[in-house]
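Working notes, beginning with the structure itself.
The values are calculated or read from the model by the stated rules, or taken from the named source; none is laboratory data. No experiment lies behind these values; they were computed from the predicted model shown. Cβ: placed from backbone, ideal geometry, glycine included. Neighbour counts: every protein chain shown. These accessible areas exclude ligands, DNA and RNA; they are computed on the full protein's heavy atoms, side chains included. Shrake-Rupley method; radii C 1.70, N 1.55, O 1.52, S 1.80 Å.
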Amino acid sequence: AKAAGRNALRFFNPSMQAKVMARTTLEADLRWALEHDEFVLYYQPQVNAQGQTLGFEALVRWQHPMRGLVPPGEFIATAESCGLIVPLGRWILHTACQQLVAWASQAPQDQWTIAVNVSAQQFRQTDFVAQVQKVLQKTGAHPARLELELTESQLVDDIPSVIDKMGALRDLGVRLSLDDFGTGYSSLAMLKRLPLNQLKIDQAFVRDMLKDPQDAAIIRAIVTMGESLSLDVIAEGVELTAQRDALLSLGCRYYQGYLFGRPTAQPTPCQM
Ligand code: C2E
Ligand code: CA
Ligand code: CA
Ligand code: CA
C-alpha cells in the first residue's frame, strides 16, 4: 500500500498539478461569471423546407472580460463536474423563457420556439420538473414554445424514472427533442416508450452524407424511424445547399446550420 502511495505521488507530476490548478481556477471563474452575469445566450435559427424560421436553439457563451467570447466546449464539462451546471442551467432556462415572453405580443415571433440544451446533471436533479415549472410560472412563457434537448446518454440510467420525468415535462406542455441522435444506443423499442416530439440528427452524419453513402443511409433510417413513431426529424450542421437538398430527398424537412444562419446574440431569422 505504501509503494502504491509513493507511486501515486510520483504520478502526480507538475503538469498534472498545473491541470488541477487550472481546473480549480476555471471553477472559481465560472462561479464568479455566473454571479456577475457574464454568460450570454446566442440563438441559431431552425427552419422548415420553405426556409421559414420556426424557432431557435439557444447556445450559451461566456463573455469573459479578458478572454473574449468563450465557446461552451471550453466550460460546460467543468460546469457539469463541479455542479455549477445546475444554477447555470437554471439561468439558461430563465433567459430563454424571457426571450419567449418578449416575442409573445407580435406575429410571427409569437409562434417561434426556443430549444434549450439540458445537461445530464441538470436533468438528473430530482426537482428538475419543478424547476422548469417554476421558470415557466415566473416568466409567463408559453410552455408549448419551449423545447428541451436531451441526449441519448442521459436517458439510459434508470429508464422508468426517466420516462416518468419526461412524461411530467410533457404534462407541463413543453416539447422534448432527442439531441445528437444516431450516436448513442437507443433502440426502436426504447424510443417508442419515450414521450418525445422530435429527433435531432447528429451533425456528423450531415457533414459526411454527400460523400459517404452509409451516412446517408443512417439518415434515411432515422427519418423512417421518426415517421413511424410520429416524431419530427431535424438535421443539424447543415452548411451546404446540396446537403439541404439531399436531406429533403431523404424525407427530412427541418434544418439547422450555418446555411440558414449562425448563432447570434440577437435572434435573427433565416433570410433565404
Ligand atoms: P449541440 O447541442 O450539438 O449544439 C450544436 C453545435 O453545433 C453548436 O456549437 C453550434 O454552434 C454548432 N453548429 C451549428 N450549426 C453548425 C454548422 O452548420 N456547422 C458546424 N460545424 N457547427 C454548427 P456550440 O454553440 O459551440 O455548442 C457546442 C455544444 O455545447 C452543444 O452541442 C451542447 O452540447 C453544448 N451547449 C451549448 N449550449 C449549451 C447550453 O446552453 N447548455 C448546455 N447544457 N450545453 C450547451
Ligand atoms: Ca443541442
Ligand atoms: Ca446536437
Ligand atoms: Ca453535438
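Can you grab the distance from the C-alpha centre of region 190-254 to the C-alpha centre of region 95-141, Å, no decimals?
So the separation of the two Cα centres works out to 26 Å.
Among Q121, H94, A104, whose Cα projects farthest towards the positive end of the dipole of region 8-146, with charges put on the beta-carbon of Lys, Arg (+1) and Asp, Glu (-1)?
The residue sitting farthest along the positive end of the dipole is Q121.
Could you derive backbone 3J(HN,Hα) for region 120-133 from the dihedral phi with the Karplus parameters 6.51, -1.76 and 1.60 (θ = phi - 60°), listing whole Hz in sequence and x where the residue is Gly or Pro?
Rounded to whole hertz, the list is 4, 4, 5, 5, 6, 4, 5, 9, 4, 5, 4, 4, 5, 4.
Once you charge only the Cβ atoms, +1 for Lys and Arg and -1 for Asp and Glu, what is the size of the charge dipole of region 189-267 about its Cα centre, to the nearest 20 debye?
180
Hey, what angle do you get for helix 14-35 against the long axis of the chain, alpha-carbon based, 0 to 90 degrees rounded to 10?
Helix 14-35 sits at roughly 60 degrees to that axis.
Can you tell me what share of the DSSP beta bridges in the chain is antiparallel? A percent to the nearest 5 is fine.
40
Just tell me the longest site-free run in the chain, where the sites are trypsin sites (Lys or Arg not before Pro) in a DSSP loop having at most 16 other beta-carbon atoms within 10 Å.
68-210
Count of lysine pairs in the chain with Cα atoms under 25 Å apart, counting only pairs 8 or more residues apart in sequence or on different chains?
6
Taking all protein chains in place and a 1.4 Å probe, what share, in percent, of the accessible surface of region 168-236 do carbon and sulfur account for?
After summing per-atom areas, the C and S share lands at 50 percent.
Which far-off residues, 5 or more places away or on another chain, put their amide H under 5 Å from the one on R175, with H placed in the peptide plane?
Residues meeting the amide H criterion: L146, E147, L148.
Under 5 Å between amide H atoms, partner at least 5 residues away or on a different chain: which partners does V60 have, H built in plane at 1.01 Å?
Amide H neighbours of V60: Y42.
Averaged per residue, what accessible surface does region 7-126 expose to a 1.4 Å probe, in Å²?
52
Are there chymotrypsin sites (Phe, Trp or Tyr not before Pro) in region 169-272 that DSSP marks as loop and that have at most 11 other Cβ atoms within 10 Å, and which are they?
Loop-located and lightly packed - Y185.
As a check on your grasp of the helix formula, calculate [θ] at 222 nm for the chain: sum -39500 (n - 2.57) over DSSP H runs of n ≥ 4, divide by the residue count, round to the nearest 500.
Roughly -14000 deg cm²/dmol at 222 nm, from the helical runs in the chain.
Can you list, bin by bin at 10 Å, the percent of alpha carbon pairs in region 89-215, starting at 0?
12, 41, 30, 15, 2
For region 57-143, which whole-number percentage of the solvent-accessible area (1.4 Å probe, protein heavy atoms only) is attributable to carbon and sulfur atoms?
54
To the nearest 20 debye, what charge dipole does the chain have about its Cα centre, counting +1 at the Cβ of each Lys and Arg and -1 at the Cβ of each Asp and Glu?
560
Report the charge-dipole magnitude of region 139-272 in Debye, nearest 20, computed about the Cα centre from +1 at each Lys and Arg Cβ and -1 at each Asp and Glu Cβ.
Using Cβ point charges on Lys, Arg, Asp and Glu, region 139-272 gives about 360 debye.
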